[in-house]
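I have placed the structure first, in the form of structure tokens, so that the comments after it can refer back to it.
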Amino acid sequence: MSIVAVQLGQCGNQIGHEVFNTICGDVRGTHGLCSKKENEAYHDACTERFFSEAESGVPVARAVLVDMEPKVISQTLSIAARSGRWKYDDQSHFCQKQGSGNNWANGYSVHGPRNKEVIMNLVQKEVEKCDRLSGFFTIMSMAGGTGSGLGAFVTQCLRDAFPTSFILNHVIWPYGTGEVIVQNYNSVLTLSHLYQSSDALLVHENDVIHKICAQLMHIKQISFRDVNQVIAHQLGSVFQPAHTAEAGLHYSRNPLGDLMETLVPHPEFKMLGLRNIPQMPENSLAYSTFNWPGLLKHLRQMLIANAKMEEGIDWQVRPLCPGSSISSSHSTNKLLHFNTSLANLVILRGKDTHGVDVGSFRDPSLYTSWLNPQDAFNVWKTPRAFNKYEKSASLVSNSQFLLKPLDNVVGKAWNMFASKAYIHQYTKFGIEEEDFLDSFTALEQVISSYTNL
């Protein structure tokens, strides 16, 4: 089954391009470390998932590109075409001459309704190229105007037009220091609207990826492209084909469906986080060896301590054993940092995956009490290595990982709202104070639900 990507705004289009680049590079690579038959099955499953075949023989990305300014889309189209390895369909993009000016209301209330028909026609054409549609993968930023405002509008349109298809929104969380003065308003409005129409939100935090670039990839002057390539690598490590427990020896046919079934057991809980190890500069790979017990020990502690990368993990954080009492204020403090999970998925790629012991992720103390740990944890595997890494592990987690950043954004937005700062910029495009209050209420409910896990 195929996934149609919808790239929205500057951020969405630049990340989307890197995702297809990473996937194509991985499939064409000779670093599979597996049998020829396995490699061919992997190649076929990936191509069906992300590309359609063109008469020229160059794979065409299953994607619709949308932005309110033409510059980024024209750059993205030409860079992909020049690579000679894959390209975008020349007819699958929509742009205009003026942007949304970082105003969510402008993207949602003006550009969205005005251009709905053209955008949805492009999506429909892309869907018709699929033999079977698994669903949509939208890529957007939360901070700006087009990606966030138009992105929220387009997601609602997708839900209306394709009620039985899965929608996974990939959302870029803005830098905490601030990119845009109204980014917290834009974030609150985006999240609350996506929560209504999306099946799940897969979140990447800019601050975290920036740290990975600096501390793990050893990049001195970090560019947006460096950040996007790390994000693309992490996304590829999840979306490339893998064997699920149900599929057995065949690659999963319904990638989005399998992801939702595994990770979203209740519609109140839709926030997914992603961790991937190891991550290092390409020139260090040749000198590094990894074993599965070591990788999984780190990945489990990253989950428990809510560490976003393998460097600087707090190894003191422990799950509370059933029946034990909390004695000192020290242990109470440590427990507060414990990250309770609703559901976890571990994906193993590379050598010797068949015998790997993942039992530590089935520990009931990692999960909320109202779910059976057997249902809350799944593992997917493939002997096919990913992106030059002999062994790599990814963890997609529905847990409390985003509570602090979410609480932070909602708090900052509320403080601005309480003093009526910049509200007039939104009301002039039809977003009223009641809309803000509805969004705050919706996100307070999400925070409350995750806090009480």
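Laboratory data are not the source of any read-out in this text; all were calculated from the coordinates shown. This is a predicted model, so every value here is computed, not measured. Backbone-built Cβ (ideal geometry, glycine too); neighbour counts: all protein chains shown.
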With unit charges on the beta carbons (Lys and Arg positive, Asp and Glu negative) and the dipole taken about the Cα centre of the range 69-154, which residue among GLY84, VAL118, GLN96 sits farthest to the positive side? GLY84
Set the Förster radius R0 to 35 Å, insert the Cβ-Cβ distance between LYS220 and HIS250 as r into 1/(1 + (r/R0)^6), and round the FRET efficiency to 0.05. 0.20
Pop the C-beta distance of GLN75 and ASP207 into the FRET formula with R0 = 35 Å and round what comes out to the nearest 0.05. 0.85
In terms of Cα to Cα distance under 20 Å, which aspartates and glutamates are near enough to LYS297, apart from those fewer than 8 places away along the same chain? GLU310, GLU311, ASP314, ASP352, ASP357, ASP363, GLU390
Greater than 30 Å apart at Cα, pairs in LYS116/LYS404; LYS37/LYS308; LYS270/LYS308; LYS308/LYS391; LYS37/LYS87; LYS125/LYS428: LYS116/LYS404; LYS37/LYS308; LYS125/LYS428
Which percent, to the nearest 5, of DSSP beta bridges fully inside the chain are antiparallel? 35 percent
Between ALA421 and SER35, what FRET efficiency follows from the Cβ-Cβ distance if R0 is 56 Å, with the result rounded to 0.05? 0.35
Could you let me know the centre-to-centre spacing of the range 246-308 and the range 368-428, using Cα atoms, in angstrom? 14 Å
Is the range 73-157 best put as rounded, prolate or oblate by its Cα gyration tensor, with a ≥ b ≥ c the root eigenvalues, rounded for a/c under 1.5, and otherwise prolate when a/b is larger than b/c, oblate when not? oblate
Normalising by the residue count of the chain, find the relative contact order in percent from Cα pairs under 8 Å and 6+ residues apart. 18 percent
